[in-house]
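First up is the structure itself, then whatever we jot down about it.
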Amino acid sequence: MPIIIIILLVLALIFVIWYISVSNKLNRAVVKIDESSSGIDVALTKRYDVLTKMIDVVKGYAKHEKETLFEIIKLREGMTMDEKKEANKSMSETLEKLNVLVENYPELKSNENYKTLQQSIADVEEHLQAARRLYNSNVSLFNQLLVTFPTSAIAKSKGMIKKDFFEAEETKKEDVKIDL
Amino acid sequence: MTLEELEKIRKKAKNSYIIGLLLSSVLGILIALLTNGFFMAFFIFIIGSIITAVIAGKPTKTFTKEYKNMFVLKSLQATFNELIYEPDKGLNKEIISNTGMMYMGDRYTSNDFVSGKYKDINVVQADVHIEEEHETTDSNGHTTTYWVTIFKGRWMIFDFNKYFKANIQVSQKGFGNSKISNWGKTLKYKKVMMEDQEFNNAFRTYAQDEHDAFYILTPSLMEKIKKVTNNISGKLLFCFIDNKLHIGLQNGKDSFEHSIFRKINEQQSIEEISKDIKIITNFIDELNLDNNLFKGSI
């Protein structure tokens, strides 16, 4: 066999191995993003559950205000990142309304059940921040791969596009602070 | 015991050492000159040194005990509630080995056990020395054993202010040897890259679960860890395990000790002990371990 053909075959083999390895790297990055995205789902669901419990407790004290203050937040499976952001934003708004409302009911502020729920929401938000940071960290690594040549060429051939970050609301960028 | 009495014991211990070593040296030199036998002279010097250590050992031990009773205990009592201070006892070896996060070598010693509460946080600490046995064989086939220090410093355990399931280790680069540095790899923990590049440059983070690593290591805590690390001499290891924070400070020092060759200066002694105690309390103050915001949740 002429030497030129052997060289071409070796080069082709190197290319195939390289292609497979880069392709796997990109696939792994996508899997990590999906995993961390489900972490956000779990944290959002927990936040929703605690918030619902808080609303139930508040309803007992502020019966006449319940309909005007609290919109129904909907969570469902398979939400897009934008929908998750929207749901999270709605929950934050509801929580803000709750905090304002609680100021008018001193007996509610001293309710042990409500205090525990406030601590729970702080912890749940801490988990949500962790999930968000982990997701964004994975997205950042993936997006970096997509703009780095020659990985970018393979990503393009596989139809991969940049992923959106799960942005933090301005108030959530700092550690959670709740006055108890 | 008064300060004067303590100083008398210190002088007695110091003088015993100086006189004993001086006599051993003089005797060794005389024998070397008279017999022209270097080996015999060296042998006499070694025997003399051993006798000196035995004679001076008793007052040295008494001095250390009384010094710790007079200065260390009082300073600790002023800082911690529910204090237990046992200078001769240390941390049980299993407490550290059970974390699974520290290579335990072949020889373990520990003393200056302190247990108490600061700002209502449970604290345990002790001086710890871990060594590994090594052997060398020369060209004549003689084997010599020597000990290499793996860890020398303080091991501290604090209540942590969050509940978590997965174990996490954060070790400052340069802490320990390769057996400790590669701990995560051997146990197949995931190496976690945090979003803070400066933190990644200074520390190695390993975790059983990435989410828990991000949950515990908030941006704020990472900043505090960096600050604490910059303000302390020595290398640090942070182990988050069973809702406790274990901190290993490798500084090669024995805490709460006073040399018999140095005169006691009451003010200076109190300051030195305060510095040693502050190393413990600083972690609680700087890392905000007394913030229990996340511990009462359902």
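With a 1.4 Å probe and all protein chains kept in place, how much accessible area does B:Met104 have, in Å² rounded to the nearest 10?
20
Rounded to the nearest 500 deg cm²/dmol, what is the calculated helix-only ellipticity per residue at 222 nm for chain A, with -39500 (n - 2.57) per DSSP H run of length n ≥ 4?
Rounded to the nearest 500, the figure is -25500 deg cm²/dmol.
Assuming 0.36 nm per residue, please report the length gained on full extension of the stretch B:Met1 to B:Arg262 beyond their Cα-Cα distance.
92.1 nm
Accessible area, 1.4 Å probe, largest first: how do A:Lys85, A:Lys156, B:Lys190 sort?
Descending order: A:Lys156, B:Lys190, A:Lys85.
Please give every one of the aspartates and glutamates within straight-line cross-link reach of A:Lys25, meaning a C-alpha to C-alpha distance under 17 Å, and leave out same-chain neighbours fewer than 8 residues apart.
Leaving aside aspartates and glutamates fewer than 8 places away in the same chain, those within reach of A:Lys25 are A:Asp34, A:Glu35.
Could you name the lysines in cross-link range of A:Lys32, using Cα to Cα under 21 Å and dropping any fewer than eight places away on the same chain?
Those lysines meeting the cut-off are A:Lys84, A:Lys85, A:Lys156, A:Lys158, A:Lys162, A:Lys163, B:Lys165, B:Lys185, B:Lys188, B:Lys190, B:Lys191.
Note down the accessible area of B:Val170, probe 1.4 Å, to the nearest 10 Å².
B:Val170 has an accessible surface of roughly 0 Å² with all protein chains in place.
Which order do you get for B:Glu66, A:Glu125, B:Glu266, B:Glu135 if you rank them by accessible area with a 1.4 Å probe, largest at the top?
B:Glu135, B:Glu266, B:Glu66, A:Glu125
Consider a paramagnetic label point 7 Å from the Cα of A:Glu167 along Cα→Cβ; state which residues of region A:83-106 have an amide N under 15 Å from it.
Backbone N within reach: A:83-90.
Between A:Glu86 and A:Asn24, what length in nm is gained on full extension when 0.36 nm per residue of separation is reduced by their alpha carbon distance?
Result: 19.1 nm gained on full extension.
If you keep only loop residues by DSSP, which trypsin sites (Lys or Arg not before Pro) in region B:30-94 have at most 13 other Cβ atoms within 10 Å of their Cβ?
B:Lys89
Give the accessible area for B:Phe175 in Å² (nearest 10); use a 1.4 Å probe, count only protein heavy atoms, and leave out ligands, DNA and RNA.
0
Roughly speaking, what is the stretch gain from B:Asn140 to B:Ile232, that is 0.36 nm per residue apart minus the C-alpha to C-alpha distance, in nm to one decimal?
28.5 nm
Could you compute the net charge surrounding B:Pro87? Neighbours are other residues with a C-beta less than 15 Å from the C-beta of B:Pro87; K and R count +1, D and E count -1.
Its environment carries a net charge of -2.
For B:Lys165, put the label point 7 Å out on the Cα→Cβ axis and report which residues of region B:210-233 keep their amide N under 12 Å from it.
Residues B:210-212 qualify, since their backbone N sits under 12 Å from the label point.
Quick one: order B:Phe39, B:Phe238, A:Phe165 from most to least accessible surface, probe 1.4 Å.
So the residues, ranked largest to smallest area, are B:Phe39, A:Phe165, B:Phe238.
Taking the simple approach of a point 7 Å from Cα along Cα-to-Cβ for both B:Ile50 and B:Asn282, what is their distance in nm?
4.3
The values are calculated or read from the model by the stated rules, or taken from the named source; none is laboratory data. Every value quoted in this text rests on a predicted model; they were computed, and no experiment measured them. As a convention, Cβ positions derive from the backbone with ideal geometry for all residues, glycine included, and neighbour counts pool all protein chains shown. Areas reflect the complete protein model, heavy atoms only, side chains present, ligands, DNA and RNA absent. Shrake-Rupley method; radii C 1.70, N 1.55, O 1.52, S 1.80 Å.
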